[in-house]
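Worksheet for the structure shown next.
The values are calculated or read from the model by the stated rules, or taken from the named source; none is laboratory data. Please read these numbers as outputs of a predicted model, since none were measured by experiment. Here the Cβ positions follow ideal geometry from the backbone for every residue, glycine too, while neighbour counts run over all protein chains shown. Protein only, heavy atoms only, side chains kept; ligands, DNA and RNA dropped before computing areas. Shrake-Rupley method; radii C 1.70, N 1.55, O 1.52, S 1.80 Å.
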Amino acid sequence: ELPLGVGYRFGIMDPSNLVLTDRVMEHTAGIILKLPSIYSRVQLNFTHVAEQAERKLANDRVEAVYEVAL
């Protein structure tokens, strides 16, 4: 079993049919490195947010997590 995993997620949020400019799409790619000898894993996620032209927020992000099983 490889200790490295790769994944991709696509998400879309379109909360209101009354407001035409509130749709948000997210593309997330992630890497998980399992460290079974020390009962832990490391996760790294990169998210690119594609919003409609009227929304000009910078919501791209990088998230890192270190998880330990006790």
- prompt: For the chain, what is the accessible area per residue in Å², given a 1.4 Å probe and the full set of protein chains?
  reply: 80
- prompt: Under 12 Å from the 7 Å Cα→Cβ point of THR47, by amide nitrogen: which residues of segment 1-32?
  reply: 9-13, 25-29
query: Over its Cα atoms, what ratio of radius of gyration to 2.2 N^0.38 Å does segment 31-70 give?
result: 1.73
query: Just the Cα atoms of segment 4-70: what Rg and Dmax do they give in Å?
result: 16.2, 53
HN-Hα J in Hz across segment 33-48 - Karplus 6.51, -1.76, 1.60, θ = phi - 60°, x for Gly and Pro: 10, 8, 10, x, 5, 10, 6, 8, 8, 10, 10, 9, 10, 10, 10, 10
- line: Going residue by residue through segment 57-70, the Karplus relation 6.51 cos²θ - 1.76 cosθ + 1.60 with θ = phi - 60° gives ³J(HN,Hα) values, rounded to whole Hz and with x marking Gly or Pro, of 9, 8, 10, 5, 8, 10, 10, 10, 9, 10, 10, 10, 8, 9
message: Can you give me the % of accessible surface on the chain that is carbon or sulfur? Probe 1.4 Å, all protein chains present, nothing else counted.
response: 63
